[in-house]
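Read-outs throughout are calculated quantities, based only on the coordinates presented, and are distinct from any laboratory measurement. Predicted model, so just to flag it, every value in this text is computed and none were measured. Neighbour counts are summed over all protein chains in view; Cβ atoms, including those assigned to glycine, are modelled from backbone coordinates with ideal geometry.
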Amino acid sequence: MPFSISLTVNGQPNSIALDDPRVTLLDLLRERLHLTGTKKGCDRGQCGACTVILDGRRINACLTLAATLDGSTVTTIEGLAEGTELHPVQAAFIACDGLQCGYCTPGQIMSAVGLLSEGHAGNDPERVRELMSGNICRCGAYQGITQAVLEAGQILSQNNTAQSRENGRNAA
Ligand code: FES
Ligand code: FES
């Protein structure tokens, strides 16, 4: 029986009718909402190309049933930039050559955004590699990817410090 879910995607609320409970979030994003930045690599949770942020946590969209997401919030690669201003992680991937063919890149970037917001990576390249290990790159651009995550982490942390100072001044 058809049913519908409420799903906020990149800040946009949607009411989506589903006629098949087996539809994955990945297929919903790509085929129903036409957000094709999220890539389908293996479709079985092994490559990370489909990584998105669901309610603040990174997940593999190919392993997530859309029917379970009523009331949830999803951010995809299309939701990161603000107008023409790239997200610091996107800018760092470009600056550090963190890509070659680019197929894995949306998933790598979303995974990096997730791990930096989790605050676990610090400035340790080995830790970054471990936390990004669910994202496979067939081109082997790992050196640039790790460098990009480290650089983006520094920029985000500087931005957060500047924001805290600004808030402190406003509160005084
Ligand atoms: S397409 Fe989802 S993990 Fe590979
Ligand atoms: S840049 Fe080609 S698969 Fe990663």
The chain, Gaussian network, Cα under 10 Å: of 37, 144, 71, the residue fluctuating most is 71
Expected unfolding gain across residue 164-residue 20 under the 0.36 nm per residue rule, minus the alpha-carbon gap, is 47.2 nm
Highest GNM mean-square fluctuation among 60, 159, 123, for the chain with Cα springs under 10 Å, belongs to 159
Quick calc, residue 63 & residue 8: beta-carbon distance into FRET formula, R0 22 Å, rounding 0.05, result 0.60
At the level of C-alpha centres, the distance separating the range 101-122 and the range 50-89, in angstrom, is 11 Å
